[in-house]
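Step one of this worksheet: look at the structure below.
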Amino acid sequence: MKMAIDNRSDLAELGRSSAAPLRGVKIELGRRYRFAASHRLHTEKLSEEENARMFGKCANPHGHGHNYMLEISVSGDVDPATGMIANLAELDTFVEREVLDVFDHHSLNEDVEAFRNVVPTTENLCIEIFQRLRGFPKAKLERVRVQETTNNSFEYAGENGRVQP
Amino acid sequence: MVLITRKIEFSASHLYNNPALSPEENRRVFGKCNNPHGHGHNYTLEVTVAGEPDPVTGMVLDLKELKEILEREVMQRMDHRFLNYEVAELKGQIPTCENIARVIWELLEPKIKQGRLHRVRLYESADLFADCYRNGAAV
């Protein structure tokens with residue numbers, strides 16, 4: 001215990017000493033969230049037969065659900081006072097408000113305005129989530145990855161973004 | 001170019017506290033992570049090396065050698081340690097995922113002679129991780 005207390009005084013420099021940025025190296029923070037939602041893949045632009053052929057079981061009239069996993073990556077300077085790119089509580093609150101509260105335990109087709117006329121595939125879901133989260137004020141959103149089931153996942157990094165490094 | 005990834009796990013304790021802030025501010029900024037006696041995690045580290053397979057051995061680098069580097073540089077330094085007090089490289093820094101990943105990058109980068117360190121991903125839990133990776137032109 002004594003050692004711990006003695007060493008704690010070493011931390012007095014903290015907040016003043018900041019590690020210089022590594023040249024050519026980027027740091028990102030990754031965070032995963034989960035939500036459950038239902039959807040139906042179906043479009044008015046196709047006939048019922050074409051919908052059935054294109055989307056198969058996913059076009060069943062009353063929809064079905066998934067446990068989605070959302071992974072987001074943000075970048076920015078690591079604040080020497082906190083050691084963080086972004087305060088986790090602030091990031092979580094933002095994601096909860098912009099995405100989880102809207103999507104979790106909802107029907108994507110019925111309850112999310114963006115999917116009234118757009119098929120809620122996970123590709124489109126990635127793009128919609130990216131648009132919703134890109135306004136996070138404390139760090140730069142690099143990309144989102146959405147896992148629809150454990151066997152498939154989708155990534156979007158914006159128009160000019162970089163997918164998984 | 002081929003990427004090769006090796007995974008290891010280590011367990012360590014830490015706490016977040018900035019002596020330049022008041023106890024109330026520390027509590028507000030860091031929440032439970034500010035609890036005075038610290039807490040621990042099972043960290044998972046993924047180290048990715050990029051390179052061309054050697055025409056004779058078919059390997060980007062000898063995994064055995066990478067395993068030894070990770071044992072020496074990471075496991076011996078951090079496994080079953082209190083990161084704030086026992087890891088010299090983290091002195092004066094809050095041992096967040098971001099900072100630990102960066103320290104691991106700095107430790108490994110000069111030691112990897114075959115191929116080139118491409119990415120360090122450090123998971124603090126299944127839902128929180130930091131990536132440190134080479135930015136810019138492909139290796």
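The values are calculated or read from the model by the stated rules, or taken from the named source; none is laboratory data. These numbers come from a predicted model, not from an experiment. As a convention, Cβ positions derive from the backbone with ideal geometry for all residues, glycine included, and neighbour counts pool all protein chains shown. These accessible areas exclude ligands, DNA and RNA; they are computed on the full protein's heavy atoms, side chains included. Shrake-Rupley method; radii C 1.70, N 1.55, O 1.52, S 1.80 Å.
How big is the charge dipole of chain A about its Cα centre, in debye rounded to the nearest 20, if each Lys and Arg gets +1 on its Cβ and each Asp and Glu gets -1 on its Cβ? Could you put the intermediate results ahead of the total?
Numbers: 21 positive and 26 negative charges, 107 e Å.
The calculated dipole for chain A is roughly 520 debye.
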Note down the magnitude of the dipole of the range B:1-120 about its Cα centre, charges +1 on Lys and Arg C-beta and -1 on Asp and Glu C-beta and zero elsewhere, to the nearest 20 debye.
200
Over the range B:33-99, the quotient of the Cα radius of gyration and 2.2 N^0.38 Å is 1.49
At B:HIS37 and A:GLN131, where each label point lies 7 Å from the Cα along Cα→Cβ, what is the point-to-point distance in nanometres?
5.1
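What does the accessible area per residue of the protein assembly as shown come to in Å², with a 1.4 Å probe and no ligands, DNA or RNA counted? All intermediate terms of the calculation are to be shown ahead of the outcome.
Numbers: 15750 Å² over 304 residues.
Value for the protein assembly as shown: 52 Å² per residue.
Could you work out the percent of alpha carbon pairs in chain B separated by over 21 Å, rounded to a whole number? Before the final figure, lay out the partial values.
On the way: 4342 of 9591 pairs.
Everything past 21 Å amounts to 45 percent.
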Calculated SAXS-style log₁₀ I(q)/I(0) at q = 0.14, 0.29, 0.32 Å⁻¹ - the range B:66-107, Debye, Cα scatterers:
-0.28, -1.11, -1.25
Any idea how far the Cα center of the range A:99-125 sits from the one of the range A:139-165, in Å?
17
Do you know the relative contact order of the range A:77-165, to the nearest whole percent, from alpha carbon pairs under 8 angstrom that are 6+ apart?
21
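With an 8 Å Cα cut-off and a minimum separation of 6 or more residues, compute the relative contact order for chain A in percent.
Numbers: 237 pairs, mean separation 40.4, N = 165.
In percent, rounded to a whole number, it is 24.
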Relative to chain B, whose Cα atoms define the longest principal axis, helix B:97-108 and its Cα axis are tilted in degrees, nearest 10, by 40
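Across peptide B:121-131, what mean number of C-beta atoms from other chains lies inside 10 Å of a residue's C-beta? Walk me through the numbers on the way to the answer.
Values: counts 3, 1, 2, 0, 1, 2, 7, 5, 7, 8, 10.
Average per residue, whole number: 4.
Averaged over all directions, how much area does the convex hull of the C-alpha atoms of the protein assembly as shown cover when projected, in nm²?
18.8
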If you take the charge dipole of the protein assembly as shown about its Cα centre, with +1 on Lys and Arg Cβ and -1 on Asp and Glu Cβ, which of A:TYR156, B:TYR123, B:MET59 is farthest toward its positive end?
B:MET59
For B:LYS7, list the lysines whose Cα falls under 23 Å from its own Cα; do not include residues on the same chain fewer than 8 positions away.
A:LYS26, B:LYS64, B:LYS67, B:LYS111, B:LYS113
Cα Rg, Dmax (largest Cα-Cα span) when computed across the range A:55-113, Å
16.8, 54
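Over the range A:21-155, what portion of Cα pair distances is larger than 27 Å, expressed as a whole percent? It would help to have the intermediate numbers written out before the result.
On the way: 2584 of 9045 pairs.
More than 27 Å apart: 29 percent of the Cα pairs in the range A:21-155.
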Among the Cα-Cα pairs of the range A:121-165, the proportion with separation greater than 17 Å, in percent, is 31
Relative contact order of chain B (C-alpha contacts under 8 Å, at least 6 apart) in percent is 30
Please give every one of the aspartates and glutamates within straight-line cross-link reach of B:LYS91, meaning a C-alpha to C-alpha distance under 12 Å, and leave out same-chain neighbours fewer than 8 residues apart.
A:ASP10, A:GLU13
Using 0.36 nm per residue of separation minus the Cα-Cα distance, give me the extension gain between B:LYS7 and B:MET75 in nm, one decimal.
23.3 nm
